[in-house]
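*Asks:* So that we are looking at the same thing, I have put the structure below in structure tokens.
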Amino acid sequence: MRKLKVVCLLLAVILASGFIGACADTSSDIKIGDTDVSGSYIAKDTNHKLVDNGASDYVIVYPVIDGADKCKEASDVLFNYIRQSTNAELSVKSDKNYIPADGDKVISLGNTTVAKEKNIVADAAELGEDGYYLKTLEDDLFIQGCTDNAVLFGVYDFLTYQFGIEFYSYDEIKIPASSTVYLKDFDLKSVPAFANRCLDLNYFNPNSFNETYEKMMKLNSGHGRGWITWAHTHFSLMPKDTYLKDHSDYYSTPDQSQLCLTNEEMIAELCKNIKKRLAETALTNSEYNFMLGQEDQQTFCNCPKCQTEKERLGSESGVMMQFINKVADIMNPYVEETYPGKKIYWVTFAYHNTEEPPVVKNADGSFSVYHEDVKAHENVGVLYAPIFFDHYHDVDDKKYNSLLMDEMQGWKETGATMFVWTYAAVYYSGFCFFDDYHTVKNAYKAFKDMGAVYLFTETDWRIGDPFHALSFYVRAKLMWDLDSDVNALINQFIDEYYKAGAPQVRQYFNALRANYKRLEAEYTAAGKEFSLLVMETDGYTREEYWKKTWLLDMMDLLDDALAEVEKTDNAEEREKVRKRIQLEKTSLIFHMIQIYSGELSTAQLTEYINDFERYAAEGNLVRFKQRQEIQTVEELLNSWRTLI
């Protein structure tokens with residue numbers, strides 16, 4: 001079928017990141033430029049040759065601190081990609097073994113002795129844990145940050161700015177060939193828009209390159225940095241099989257689906273269990289998050305005390321805030337005494353029943369907390385998860401998202417440290433195109449404006465939704481740089497990811513977006529609302545969404561793309577791109593069978609099923625939906641075969 005153009009092997013160098021231990025609280029004597037990161041950042045060439053006809057006299061120097069190598073992963077990544085691009089093999093040395101000589105040219109990574117001598121010191125207040133400096137001094141280059149990961153992020157961006165190396169996905173890295181390269185005159189400070197950034201990548205990468213992909217996209221690993229517990233944790237901390245029999249009052253009335261948050265005895269027992277969890281955790285960093293999250297149900301306790309407190313505090317979220325404040329008041333002194341120098345945020349959910357903040361809106365549009373007891377105490381955080389956000393319309397759209405901006409401003413008024421959990425998939429509709437490309441940037445900006453330090457985007461762990469890899473790419477870029485040009489990112493990605501098939505794939509992408517525009521116009525004309533909702537139970541797998549003739553036209557278009565890719569000379573790349581475009585076809589086949597199976601002949605249906613099975617197997621597509629009975633591709637295929 002088809003192949004790709006330039007194959008770039010991904011370095012699977014996965015070394016543990018650690019703190020460099022040299023962040024200053026004040027700026028370094030050498031001033032670093034105020035230019036924050038931007039995809040369009042350009043530095044001019046100096047007169048110093050970094051690589052000359054495939055050779056280099058530069059030395060990569062990484063630090064040894066307290067006997068431990070630091071920034072070693074960054075040095076490995078830098079060495080390998082420079083070699084792939086230029087054939088030059090730079091010398092790599094630790095500052096423990098490096099004695100500078102006159103005329104030496106250095107690329108210094110992190111807090112090396114060379115950086116100290118030149119007063120290139122990372123400013124913790126300015127950079128945080130992930131920001132970095134790129135600084136050229138005469139013929140030396142310094143990549144500096146407060147952590148190993150920060151320096152690694154700086155290395156990846158340096159490779160882009162200096163060599164034009166672009167990282168699109170774990171299996172698509174563009175490495176231009178160069179023989180002679182002049183060192184650029186860098187003077188860059190780059191700090192991410194969100195201190196803690198993560199995407200839900202569980203099923204995106206079946207080849208286990210997730211951690212490396214996260215690093216080259218400048219993401220934090222997994223669910224983000226510093227979580228001791230995360231998400232829905234109430235029952236894991238207060239297990240029902242331990243407590244329910246003798247302490248049913250610890251749990252919600254009438255169904256025991258949540259904890260009773262006004263039960264003082266339960267809170268005391270919970271704090272004991274938190275202390276046990278802390279004792280089992282190696283607290284090597286200075287700052288952590290401990291999630292005390294309600295269970296994933298739209299329920300709340302209705303016992304008399306909870307009802308009384310709901311009335312007094314204004315809402316269920318008011319009861320939740322009072323609860324988390326009590327936990328913080330118990331745990332903060334304990335942490336200060338038992339773990340001196342450590343800071344732990346006690347984080348609760350704003351989700352489902354507790355999504356609406358415990359505030360009142362004043363006549364002038366401002367907000368006030370409903371009661372002083374709901375104002376956040378020290379180290380209290382709120383993980384805001386706006387699951388009812390209409391992603392097709394702007395975050396401040398007064399018709400479709402009328403409550404969203406009020407919620408964000410209201411939660412900000414509580415004084416809590418804000419964390420955000422947002423979404424990029426429809427749970428009940430597999431293979432649904434999640435078109436928020438025109439709204440996601442403003443949504444992220446709104447989260448930033450509410451003071452969010454953490455942004456997690458849940459993608460429902462599947463790769464069958466159209467353009468899943470593009471979605472990850474755009475979101476990762478925005479999480480670091482909110483000024484990124486989304487349309488430019490889309491076009492660049494499609495060109496590089498789909499290669500010879502890019503023109504037709506771009507037409508398909510635009511047709512998907514135009515199809516939603518058609519639906520919006522039809523809904524508006526009929527007096528209905530067109531929305532893109534994560535929890536749309538009616539689903540989007542309907543004839544009005546996916547016209548049969550349109551599906552056939554789109555399959556033909558992608559077949560044209562496959563035909564173009566088939567002309568690619570490089571067999572490995574041809575095969576890779578073929579699988580990518582076939583994976584895009586799975587959505588079209590899915591909707592054809594789900595909606596129009598009764599109009600298909602046995603031969604047509606069999607061919608569609610066989611094609612889908614092959615495309616899914618070759619594309620490592622296993623799971624396509626989170627909710628409802630059928631969730632896996634195997635279950636889906638079995639259900640289709642009963643139609644033959």
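*Asks:* Take Val77, Val64 and sort them by solvent-accessible surface of the protein heavy atoms, 1.4 Å probe, largest at the top.
*Replies:* Numbers: Val77 0, Val64 35 Å².
Descending accessible area places them as Val64, Val77.
*Asks:* Per residue, what volume in Å³ does the Cα convex hull of segment 111-197 take up?
*Replies:* It is 111 Å³ per residue.
*Asks:* At Asn87 and Asn273, where each label point lies 7 Å from the Cα along Cα→Cβ, what is the point-to-point distance in nanometres?
*Replies:* 6.4
*Asks:* How long are the three semi-axes of the equivalent ellipsoid of segment 522-644, in whole Å, if each is the root of 5 times an eigenvalue of the C-alpha gyration tensor, listed from largest down?
*Replies:* 27, 19, 16
*Asks:* Binning every alpha carbon pair distance of segment 357-428 at 5 Å from zero, what are the percents per bin?
*Replies:* 3, 15, 23, 22, 18, 11, 6, 2
*Asks:* Given the convex hull over the Cα atoms of segment 213-347, what projected area results after averaging over all orientations, in nm²?
*Replies:* Numbers: hull surface 39.3 nm².
For the Cα atoms of segment 213-347, the hull's average projected area reads 9.8 nm².
*Asks:* Using the Karplus curve 6.51 cos²θ - 1.76 cosθ + 1.60 with θ = phi - 60°, work out ³J(HN,Hα) for each residue of segment 471-481 in order, rounded to whole Hz, and write x for Gly and Pro.
*Replies:* For segment 471-481, the Karplus-derived couplings read 4, 4, 4, 4, 5, 4, 5, 5, 4, 8, 10 Hz, x marking Gly and Pro.
*Asks:* To the nearest 500 deg cm²/dmol, what mean residue ellipticity at 222 nm is calculated for the chain from DSSP H runs of n ≥ 4 alone, each contributing -39,500 (n - 2.57), summed and divided by the residues? Write out the running numbers ahead of the final one.
*Replies:* Numbers: 19 runs with 244 residues, N = 644.
Value at 222 nm, helices only: -12000 deg cm²/dmol.
*Asks:* Determine the gain in length on full extension of the stretch Thr632-Thr46; use 0.36 nm per residue of separation and subtract their C-alpha separation, reporting nm with one decimal. Intermediate results must be reported in sequence, preceding the final value.
*Replies:* Numbers: separation 586, 0.36 × 586 = 210.96 nm, distance 5.50 nm.
Extra length from Thr632 to Thr46 when fully extended: 205.5 nm.
*Asks:* Something else now. So I have (i) 26.7, 80; (ii) 25.3, 83; (iii) 25.5, 92, and one of them is Rg and Dmax of the Cα atoms in Å calculated from this model. Which one is it?
*Replies:* Computed from the coordinates, Rg and Dmax of the Cα atoms in Å corresponds to (i).
*Asks:* Local charge sum around Glu287 (other residues, Cβ-Cβ under 9 Å, Lys/Arg +1, Asp/Glu -1)? List each step's numbers first, then the result.
*Replies:* Details: positive: Arg225, Lys342, Lys343; negative: Glu129.
Computed value for this residue: +2.
*Asks:* Convex hull volume of the Cα atoms in segment 398-494, per residue, in Å³?
*Replies:* Values: hull volume 10.8 nm³, N = 97.
Dividing the Cα hull volume of segment 398-494 by its residue count gives 111 Å³.
*Asks:* What percentages make up the Cα-Cα pair-distance distribution of segment 268-381 when the bins are 5 Å wide from 0?
*Replies:* The distribution over segment 268-381 is 2, 11, 19, 21, 18, 13, 9, 5, 2, 0, given as percents.
*Asks:* Follow-up. Taking Cα centroids, how far is segment 540-583 from segment 313-353 in Å?
*Replies:* Going from one Cα centre to the other spans 50 Å.
*Asks:* With a cut-off of 8 Å between alpha carbons and a minimum separation of six or more residues, what is the relative contact order of segment 319-447 in percent?
*Replies:* Numbers: 184 pairs, mean separation 32.3, N = 129.
The normalised contact order for segment 319-447 reaches 25 percent.
*Asks:* Where in segment 289-311 is the amide nitrogen less than 18 Å from a point lying 7 Å along the Cα-to-Cβ axis of Lys343?
*Replies:* 289-291
*Asks:* Once you keep just the Cα pairs under 8 angstrom separated by 6 or more residues, what percentage relative contact order results for segment 91-187?
*Replies:* Values: 131 pairs, mean separation 21.8, N = 97.
With pairs under 8 Å counted, the relative contact order is 23 percent.
*Asks:* Which pairs in the list Lys174/Lys343; Lys118/Lys174; Lys275/Lys375; Lys105/Lys499; Lys72/Lys105; Lys445/Lys579 are over 30 Å apart, alpha-carbon to alpha-carbon? Write out the running numbers ahead of the final one.
*Replies:* On the way: Lys174/Lys343 41 Å; Lys118/Lys174 34 Å; Lys275/Lys375 24 Å; Lys105/Lys499 38 Å; Lys72/Lys105 19 Å; Lys445/Lys579 35 Å.
The answer is Lys174/Lys343; Lys118/Lys174; Lys105/Lys499; Lys445/Lys579.
*Asks:* Let me ask something additional. Report the full-extension gain for the segment Met535 to Ala125: residue separation times 0.36 nm, less the Cα-Cα distance, to one decimal in nm. If you can, show how the numbers build up before the last one.
*Replies:* Numbers: separation 410, 0.36 × 410 = 147.60 nm, distance 3.96 nm.
Using 0.36 nm per residue and subtracting the Cα-Cα distance, I get 143.6 nm.
*Asks:* Along each principal axis of its Cα atoms, how long is segment 138-250 end to end? Whole angstroms, biggest number first, please.
*Replies:* 75, 31, 19
*Asks:* OK, next. Given H placed 1.01 Å from N in the peptide plane, which residues other than close sequence neighbours of Tyr370 have an amide H under 5 Å from its amide H?
*Replies:* Val359, Val360
*Asks:* What net charge do the residues around Pro357 carry, taking every other residue with its C-beta under 13 Å from that of Pro357, with Lys and Arg at +1 and Asp and Glu at -1?
*Replies:* Numbers: positive: Lys361, Lys375, Lys412; negative: Glu316, Glu355, Glu356, Asp406, Glu407, Glu413.
Local charge sum for Pro357: -3.
*Asks:* While we're here: Per residue, how many Å² of accessible area does the chain show with a 1.4 Å probe? Kindly include the intermediate steps, with their values, before the conclusion.
*Replies:* Values: 25640 Å² over 644 residues.
Using a 1.4 Å probe on heavy atoms only, each residue of the chain averages 40 Å².
*Asks:* Counting DSSP beta bridges with both partners in the chain, what percentage is antiparallel, nearest 5?
*Replies:* Details: 26 of 66 bridges.
The answer is about 40 percent antiparallel.
*Asks:* Quickly work out the Ala617-to-Leu283 label distance, labels modelled 7 Å from Cα along the C-beta direction, and quote it in nm with one decimal.
*Replies:* My value for the distance between the label points is 5.2 nm.
*Asks:* Can you tell me which of 162-169, 288-295 comes out highest on packing, and rank the rest after it, using the mean Cβ neighbours within 10 Å? Don't jump to the answer; show the numbers that get you there.
*Replies:* Values: 162-169: 20.5, 288-295: 22.8.
Top of the packing list down: 288-295, 162-169.
*Asks:* Moving to a separate point now. Starting from the amide H of Thr422, placed 1.01 Å from N in the peptide plane, find each other amide H under 5 Å away whose residue is 5 or more places distant or on another chain.
*Replies:* It is Phe456, Thr457, Glu458, by chain and number.
*Asks:* Now for a separate question. Contact order normalised by length for the chain, with contacts defined as Cα pairs under 8 Å and 6 or more residues apart; what percent is it?
*Replies:* Working: 1251 pairs, mean separation 93.8, N = 644.
This gives 15 percent for the chain.
*Asks:* Please work out how much length the chain gains when fully extended from Thr242 to Lys361, using 0.36 nm per residue of separation minus the C-alpha to C-alpha distance, in nm with one decimal. Intermediate values should be presented prior to the final figure.
*Replies:* Numbers: separation 119, 0.36 × 119 = 42.84 nm, distance 4.23 nm.
Gain on extension, Thr242 to Lys361, equals 38.6 nm.
The values are calculated or read from the model by the stated rules, or taken from the named source; none is laboratory data. Because the structure is predicted, anything quoted here is derived from the model rather than measured. Reconstructed Cβ throughout: ideal geometry from the backbone, glycine too, with neighbour counts over all protein chains shown. Heads up: the accessible areas ignore ligands, DNA and RNA and are worked out on the full protein's heavy atoms, side chains in. Shrake-Rupley method; radii C 1.70, N 1.55, O 1.52, S 1.80 Å.
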